[in-house]
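Heads up, the thing below is written out as structure tokens.
The values are calculated or read from the model by the stated rules, or taken from the named source; none is laboratory data. Keep in mind the model is a prediction, meaning the values are calculated, not measured. Methodologically, a virtual Cβ is constructed for each residue, glycine included, from the backbone with ideal geometry; neighbour enumeration extends over all protein chains shown. Just so you know, the surface numbers come from the protein's heavy atoms only, side chains and all, with ligands and any DNA or RNA stripped out. Shrake-Rupley method; radii C 1.70, N 1.55, O 1.52, S 1.80 Å.
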Amino acid sequence: MSTNGHHFGANGNGGRAANDRSPAPKRVVIVGGGIAGQSLCERLRERDSDVQVTLVCAEPHLPYDRVHLSDLLSDEEPSGPLGELQLRPDEWYDDNGVEVLVDTKVERIDLPGHELELSNGDTVAYDKLALAIGSQPLMPPIPGIELEGVYAYRGPTDTAAIRAAAAEATHAAVIGGGLLGLEAARGVQAQGCPVTVVHLMDRLMERQLDAGAASMLLPAMEELDMEVSLERQTEEILADDDGHVRGLRFSDGEELAADLVAVSIGIRPEKELAEHAGIDCNRGIIVDDRLCTSEPDVVALGECAEHRGVVYGIVAPIYEHAKVAADTLLERDGDEYRGSLPWAKLKVAEVDLVSIGDVEGDGGATSALAERREYRKIAMRDGRMVGAILLGDTRGTEALLEAVRSGERVDDPLARLAEAAEAGPEELPDEAQVCDCNGVCKGDIVRAVTEDGMSSKQEVMSVTRAGTGCGSCKPLVADIVAIAGGSDEPAYLCPCRKQTREFVAEQIMSNGHDAVSEVSEACGTGRECGLCKPALAYLVSQINDNRHREERSARHINDRVHANIQNDGTFSVVPRMRGGVTNSDQLRRIADAADKYDVGMIKVTGGQRIDLLGVKKDDLPAIWEDIGMPSGHAYGKAVRQVKSCVGTDFCRFGLGDSIKLGVELEGEWEGLHTPAKVKSGVSGCPRNCAEATVKDIGVVAIEGGWQVYVGGAAGGSVRKGDVIATVETAEESKRVATAFLQYYREHASFKERTYDFVPRVGLEELQEQVLDEDNQATLLERFRLAKTAAAARDPWLERRDPYHERQFTDLDSIQLPQAGGNGANGHGDEPGDSESVAEERELELVGPPPEGER
């Protein structure tokens with residue numbers, strides 16, 4: 001991606017020159033590349049396929065999800081600087097005719113001339129203008145605020161800088177005990193840095209919680225080893241001799257040592273661009289119920305807009321703004337905006353908390369269980385529900401949201417609280433908002449099934465966008481789809497384009513596509529929402545027998561760095577131990593590496609392997625080198641392990657050599673990617689010590705032979721596998737198991753485990769495909785071709801030859817734009833290292849090297 005006013009979409013020119021003022025079709029220019037700007041683009045396109053749309057972004061990125069920037073702070077790393085937070089894939093803008101100018105700041109609005117002056121010297125003409133320029137972090141005017149080591153917590157630059165500093169700091173202080181402040185503090189903790197939250201008020205989250213709820217939240221945060229200091233007014237940020245922060249001084253004279261300070265006390269709407277143009281502003285840009293500003297042909301939305309004296313700093317109103325603003329810009333009749341219900345959810349994994357509306361009221365009912373840290377409250381005013389708090393037990397959130405939103409009259413608040421806890425999706429009205437990240441109501445989901453013919457959760461999510469934000473509503477979406485008459489069986493690989501796995505596979509085979517980008521360009525697969533790209537990446541590799549062009553941007557973070565990311569942002573390292581067999585030399589190397597890299601925990605897994613937990617990302621190449629063992633593929637959708645018992649070698653009950661067979665099977669299968677993870681086992685007798693009957697593939701020795709099981713499960717639900725064959729020799733069992741594995745690789749849907757695949761296909765059909773002599777031979781030959789490529793290179797060898805120079809580099813080393821400026825929720829206009837995105841997407845031929853290079 002270029003960072004010099006680069007064009008995306010609309011073939012790079014938006015359909016006409018920037019200063020073409022032809023009267024039709026109208027051109028709408030949107031300033032601001034955040035959630036508000038992107039949402040408005042989509043609402044405009046839904047209503048009018050012809051209107052020209054130009055999106056001006058000050059940052060060198062396409063629009064991204066700022067709400068989940070805390071994921072970056074806790075090390076949920078995207079493919080590029082912001083890849084997994086990007087709201088739409090690059091192709092979406094081309095396909096929808098939206099011109100995007102990235103790394104382009106609007107310097108001035110010429111209202112009489114209907115023209116914008118850009119930072120690169122160009123001008124852009126508009127017929128209608130939308131300002132979605134967001135906000136800036138509010139920084140207190142105290143001495144030392146400008147010191148090195150003091151950061152606002154607001155944008156991607158902030159999160160990268162805070163993470164980098166937290167990795168080296170001895171103690172951090174977060175000024176601000178509101179929602180974002182607590183999330184920032186937890187993110188700092190994820191980097192291994194002790195933290196103290198310093199808050200001016202007498203309780204945490206005083207805007208969202210009453211005193212009772214706050215009194216329970218405080219010990220809950222302290223149980224997470226987070227220090228909290230309330231009623232503290234920071235008078236000065238102290239500096240050491242080098243000009244770096246060393247601590248805080250409070251108004252009572254006490255000091256707190258801290259070599260990292262993050263500030264999160266609120267936002268300041270970005271209004272200067274509008275103000276300088278003469279548009280009426282107060283705290284924000286003043287808008288009416290149609291989101292019109294004081295100037296004709298100009299609307300404002302999102303965090304920069306002030307409606308009826310209120311500025312909203314939460315995401316849900318943005319989607320409501322976008323719908324009204326789109327109708328206003330297109331001069332269509334539509335609903336007026338009457339304000340939004342403020343509500344918030346704390347995104348700290350260990351604490352479940354929801355706050356809705358006015359939590360004080362003039363009455364209501366509270367249910368509190370101090371010993372379980374549970375606090376549930378309904379707030380009433382004049383007999384109507386006006387707010388709610390759910391701490392520890394958030395059941396009934398959607399029902400209470402809709403009740404507060406509609407001002408439901410309640411005679412018995414305590415009974416209503418209990419009723420909400422038991423309410424299921426059937427009881428929700430169609431107006432109930434299920435997905436607040438994307439503004440999707442229950443009725444939208446029901447209509448997608450009953451009127452638009454969608455049949456699966458996957459399809460509904462892709463088209464309505466429900467569940468594609470934070471993901472917390474996915475279970476509810478699935479329930480509503482089922483109630484509406486749909487199913488949750490895999491239907492489409494790409495729901496947005498209604499493309500089945502079979503259709504896409506045929507296109508790949510017929511046209512010789514060997515890269516995700518080729519399929520996407522030819523068929524449109526993954527160009528709408530991008531959610532199906534990991535599935536497409538697997539399909540491309542499988543059909544090409546692993547002789548494909550790898551594009552890591554389509555892979556999950558685990559597959560890009562060959563390790564399993566943990567909830568604190570560190571990684572898990574599991575070396576290969578075939579059949580669960582190891583030796584003293586391997587154990588010494590593992591022990592030495594664990595000490596050297598300060599591994600948080602050494603765990604023997606249920607799959608008879610050793611898991612090193614808590615490894616930092618930038619230590620991965622070095623720890624792999626020191627261990628000197630191949631990857632156990634414990635991080636991806638691949639063949640994991642073949643668990644074995646001691647069999648005839650040592651056990652007096654053994655009927656078959658389970659260790660030998662287990663080691664051979666794992667050696668043959670290792671390195672192969674599969675639609676979902678595959679766990680296997682070999683037991684030397686029916687006592688089944690290796691639990692082979694509840695594995696994806698299991699082999700059990702019996703009197704006179706071996707039984708091969710498929711489709712077993714021992715997780716959330718237990719399923720004994722089906723016996724696909726009983727054979728006389730270990731070699732025969734190996735052929736049957738391998739043929740089934742290949743058939744599963746070729747025919748299962750992405751993420752479909754064998755315990756779902758086997759019942760769906762049916763045992764008789766599987767036996768026909770796997771046991772027939774000709775079919776089995778064909779499957780084994782295709783397996784051999786795929787295995788040859790997969791075994792050509794252990795992924796952990798990328799420690800010596802990384803796929804990309806930043807492959808094992810933390811985000812703190814990635815240059816990101818500085819705060820300030822307009823165009824993307826108030827984030828900066830200085831270019832980051834956006835070329836890394838392009839480099840990340842360079843194609844690399846994978847598979848066995850030519851003979852001369854082996």
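The number of residues in the stretch 664-714 being under 14 Å from GLY647 (Cβ atoms), of a type in the set (Val, Ile, Thr) and either within 35 Å of the chain's Cα centre (by Cα) or surrounded by 19 or more Cβ atoms within 10 Å (Cβ to Cβ) (or both) comes to 3. In the stretch 316-356, the qualifying residues are those that are hydroxyl-bearing (Ser, Thr, Tyr) and crowded, with 20+ Cβ neighbours inside 10 Å, and the one that is nearest to LEU129 (Cα to Cα) is THR328.
Is it true that some residue in the stretch 385-404 is at pLDDT below 85 and more than 24 Å from GLN38 (Cα to Cα)? The answer is no; no qualifying residue exists.
The residues in the stretch 447-473 that are of a type in the set (A, V, I, L, M, F, W, C) and surrounded by fewer than 20 Cβ atoms within 10 Å (Cβ to Cβ) can be counted, and the count is 2. Looking across VAL440, VAL404, VAL434, one residue alone is surrounded by 19 or more Cβ atoms within 10 Å (Cβ to Cβ) and more than 28 Å from the chain's Cα centre (by Cα). It is VAL404. In the set (1) closer than 30 Å to CYS193 by Cα; (2) modelled with pLDDT under 90, GLY607 fails one condition alone, (1).
From the list ASP592, ASP649, the one residue that fits, being within 23 Å of GLU668 (Cα to Cα) and among the charged types (D, E, K, R), is ASP649. Of all the criteria given as (1) at pLDDT 85 or above; (2) open to solvent by 40 Å² or more (accessible area, probe 1.4 Å), the one not satisfied by CYS532 is (2).
Taking residues in the stretch 776-787 that are of a type in the set (A, V, I, L, M, F, W, C), and partners anywhere that are open to solvent by 60 Å² or more (accessible area, probe 1.4 Å) and part of a helix (DSSP H, G or I), the pairs with Cβ atoms closer than 9 Å and at least 6 places apart or on different chains are LEU780/ARG735; PHE783/GLU668.
Consider ALA515 against the criteria (1) farther than 30 Å from VAL440 by Cα; (2) at pLDDT 85 or above; (3) open to solvent by 30 Å² or more (accessible area, probe 1.4 Å): it satisfies all of them except one. Which criterion is unmet? Only one criterion in (1) farther than 30 Å from VAL440 by Cα; (2) at pLDDT 85 or above; (3) open to solvent by 30 Å² or more (accessible area, probe 1.4 Å) is unmet by ALA515, namely (3). Looking across the stretch 301-323, just one residue is free of Cβ contacts under 8 Å to residues at least 40 places away in the same chain, touching a strand residue (DSSP E or B) at 6+ places or on another chain (Cβ under 7 Å) and assigned to a loop (DSSP other than H, G, I, E, B), and that is ILE314.
Taking the stretch 737-756 as the region of interest, how many residues are open to solvent by less than 50 Å² (accessible area, probe 1.4 Å), free of Cβ contacts under 8 Å to residues at least 60 places away in the same chain and in contact with a Phe, Trp or Tyr (Cβ under 9 Å, 6 or more places away or on another chain)? Count: 2. Selection over the stretch 357-373 of residues that are open to solvent by less than 30 Å² (accessible area, probe 1.4 Å) and either closer than 14 Å to ARG395 by Cβ or modelled with pLDDT of 90 or more (or both) gives a count of 3. I'd like to know if the stretch 337-349 contains one or more residues that are closer than 21 Å to ARG43 by Cβ, outside the structural domain of GLY34 (by TED's automatic domain parsing) and over 31 Å from the mean Cα position of the chain (by Cα). Scanning the stretch 337-349 turns up at least one residue that is closer than 21 Å to ARG43 by Cβ, outside the structural domain of GLY34 (by TED's automatic domain parsing) and over 31 Å from the mean Cα position of the chain (by Cα).
If the condition is being assigned to a loop (DSSP other than H, G, I, E, B) and over 25 Å from HIS548 (Cβ atoms), then the stretch 672-697 contributes GLY684, CYS685, PRO686, ARG687, ASN688, CYS689, ALA690, GLU691, LYS695.
Within the stretch 350-373, the set of residues being part of a strand (DSSP E or B) and touching a residue at least 40 places away in the same chain (Cβ under 8 Å) comprises VAL351, LEU353, VAL354, SER355, ILE356, GLY357, GLY363, GLY364, ALA365, THR366, SER367, ALA368. Exactly one residue among GLY113, GLY134 is among the small types (Gly, Ala, Ser) and more than 20 Å from PRO60 (Cβ to Cβ), and that residue is GLY113.
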